[in-house]
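The values are calculated or read from the model by the stated rules, or taken from the named source; none is laboratory data. The structure displayed is predicted, hence computed values, not measured ones. Positions of Cβ are generated from backbone atoms using ideal geometry, with glycine treated the same way; all protein chains shown enter the neighbour counts.
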Amino acid sequence: MVMAASETKFHVLAVDDTLIDRKLIEKLLKTSSYQVTAVDSGTKALEFLGLNNNDHHDVEVNLIITDYCMPGMTGYDLLRKIKESSSFKDIPVVTMSSDNIPSRINRCLEDGAEEFFLKPVQLSDVNKLRPHLMKRRTQTNVNKRKSMDEIVSPDRARARYNELEVK
Amino acid sequence: MEVGQMQRRLVDYTKSLFMEGFLDAQFLQLQQLQDESNPDFVVEVVSLFFDDSEKLLNDLTMALDQPNVDFKKVDAHVHQLKGSSSSIGAQRVKNACIAFRSFCEEQNIDATLRCLQQVKQEYYLVKNKLETMLRLEQQIVAAGGSIPMIELGF
């Protein structure tokens, strides 16, 4: 049973400790027809992904967009953790910051962030996400088609979290 | 006052806020994001800004009132206020925060106290203006009219 790529909305996990910015990024993403889950810390983001436990996770996240300056785990720390994880390193990560610090921007991009947005994030920035998502989806479909030939067991149903706000 | 007049008054008032630098293009973006699925989006974001700012201004007042001022803490609060004011397009508050941060870096107590006064002033000004603007919008909607979209062509 194969889902047509055009029917499924991309699911973006947004991470920002500020309520106003979380509300804004969520609206920007929903306006662009993405499914959004917004959390207020890197720790919660990892929990949502299922990184902190060894159980099977039924969450599919297609992109992570995270603020840089957050107490505890910064957006950069989160980026590193994602890229060091065998399960999640292929999820594209985008970082954002209200401060325009070139060394910070370069470090994120060098360590695996696809884009770095300066806040306040605009709709034109969110439009830049689609190519990163389309590229992954095409690759995933190619891989799926290959493995479908080898697997005989039925598809495992994937739970979808619709517009969940985790505080 | 009939709806057309109210709408014109709103447009003129809103335009003046942009002209005088109280609001910048980011505020327009917020208005453009508002739609039928979320008709109170602007009001909600503005309310969050008010709550957030008032708390931060209190925290700043307390932090600067200490015998040994922790400038890192002060800077952290100002950074947050700068971020939220920037996110809603409250330009003069944002600019006041930028100046504030440079004095935090210098650890200049007199200058930072002056900056705090300046930020408070700008905040209360924009709060007043936004409340007036939102009240005008409410009156138009209550009278059965629609909120005109602002074109920044001046």
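Restricting segment A:88-103 to residues that are of a type in the set (Val, Ile, Thr) and either more than 22 Å from the chain's Cα centre (by Cα) or part of a strand (DSSP E or B) (or both), the residue that is nearest to the other protein chains (Cβ to nearest Cβ) is A:Ile101. Candidates in segment B:71-97 are the residues that are of a type in the set (Val, Ile, Thr) and over 22 Å from B:Val42 (Cβ atoms); of these, the one that is farthest from the chain's Cα centre (by Cα) is B:Val74. Summed over segment A:10-27, the residues that are more than 13 Å from A:Thr66 (Cβ to Cβ) and facing another protein chain (nearest Cβ under 7 Å) give a count of 5. May I ask you to verify whether B:Asp40 is within 11 Å of another protein chain (Cβ to nearest Cβ), out of contact with any strand residue (DSSP E or B) (no Cβ under 8 Å at 6 or more places or on another chain) and either more than 21 Å from B:Lys129 (Cα to Cα) or not aliphatic (A, V, I, L, M) (or both)? So B:Asp40 does not fit the description; no. Filtering B:Gly83, B:Gly89 for residues that are modelled with pLDDT of 95 or more, closer than 29 Å to B:Gln7 by Cβ and within 14 Å of another protein chain (Cβ to nearest Cβ) leaves a single hit, B:Gly89. Exactly one residue among B:Phe27, B:Phe49, B:Phe71 is in contact (Cβ under 8 Å) with a residue 40 or more places away in the chain, surrounded by 17 or more Cβ atoms within 10 Å (Cβ to Cβ), farther than 22 Å from A:Gln122 by Cβ and of a type outside the set (A, V, I, L, M), and that residue is B:Phe71.
Restrict the check to segment B:2-20 and report whether at least one residue is in contact (Cβ under 8 Å) with a residue 24 or more places away in the chain and under 20 Å from A:Leu19 (Cα atoms). No - not one qualifying residue is present in segment B:2-20. B:Leu23: farther than 24 Å from A:Lys27 by Cα, away from every other protein chain (no Cβ under 12 Å) and in contact with a strand residue (DSSP E or B) (Cβ under 9 Å, 6 or more places away or on another chain), yes or no? Answer is no for this residue. What number goes with the only condition from (1) within 21 Å of the chain's Cα centre (by Cα); (2) away from chain A (no Cβ under 14 Å); (3) buried (at least 17 other Cβ atoms within 10 Å of the Cβ) that B:Ser16 does not pass? Failing condition for B:Ser16: (3).
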